[in-house]
Structures are given as C-alpha cells and as structure tokens.
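Below is one structure, written out as structure tokens; comments come after it.
The values are calculated or read from the model by the stated rules, or taken from the named source; none is laboratory data. It should be emphasised that the depicted structure is a prediction, and the values quoted were computed from it without experimental measurement. Surface areas here come from the heavy atoms of the whole protein model, side chains and all, with no ligands, DNA or RNA. Shrake-Rupley method; radii C 1.70, N 1.55, O 1.52, S 1.80 Å.
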Amino acid sequence: MLCDECGKNEARFHSVEQVGNHKTERHLCAACQKKYGDPFFNMSGFNNFFSNLSDYLGAPQTRRDEYICPSCGTTGDEFLRTGFVGCAECYKEFAPLMLPAIKQMQGDVSHVGKVPQGVVSSVSAEYDRLKNELQRAVGAEDFETAAVLKEKMRRLKGE
C-alpha cells in the first residue's frame, strides 16, 4: 500500500480513528509520518502521558540510538520521546528499553490478571497443592523433596 500523503513510498504507519459511526484511516510512509506527524496521535492528555517515558529509564546500559526497528524504521529515541511504536516488531526490538520502564511503573513486567470471585485460578490451586505437599514432606523429614517443592513454589510465584 502506498503512502496517502506522497503516493510514492510504501506506507509503514497505519492509524484508524473512529468517532461514532465515522471511521478514518490514514497510511503514511516513514518520511511523511516524520514530516507531518500523525494527527490522530495529537491527543494532548494521552500524548503527555508518554512524553517523559525516558525519565523512567534513567541511564540505560546501552545507547538508545542503537535501537532501530528493522520493519518500520522507528528508532529507540522516537519511541522514548513519543511512547508510540510503529509496528508489532517494535515490541521485540525495544524490549530492553520498555521492560525497565514497565517494571518501574507497574512493579513487575508480567501480567497475572484478575480472577472472578468464586473461581480459583490454576496457578493458585497449584501453589496450594505444592504448599500441602511441602508440609507433608517436612513432616516426614524428607528435606530433599521439600527443597524441590519450595523451588517449584518460587518459580510459580515468579521469584
């Protein structure tokens, strides 16, 4: 698909805005996206939320300008400045930049979700089962098995 703006280059940035029943799509190449910006991302509150993402990172171990997405050309500095990625591959490419920020903002990088009331999660059930086995192993003075069970419980909790 060619760029909506210049009509020459391959479109690499795609955005969709839906207001009520009206849907607007925009397809831009990297050059036009940089030149004109994307009007759909000029939402003041949302953009400001991400504008200082690099503050959460402190001084990263590697240079941020070394990160460039091979699929869309978005750079690590662009991501940190705007908080937006250009494509799905950016998440893999920028993981070393994203994960420390996510960990600092949310306390962890893995999402465990919520379980509806009255439903026992499989992780919780497995943890309880291991805990009971551990108590039996300690009671039987089988400390080798207890150590293995304790390690399984740690891994289950993500420690």
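Mind ranking F79, F84, F143 by accessible surface for me, highest first, 1.4 Å probe?
Values: F79 10, F84 40, F143 125 Å².
Descending order: F143, F84, F79.
Taking the alpha-carbon distance from K157 and a cut-off under 14 Å, which aspartates and glutamates remain once sequence neighbours fewer than 8 residues away in the same chain are dropped?
D108, E126, D128
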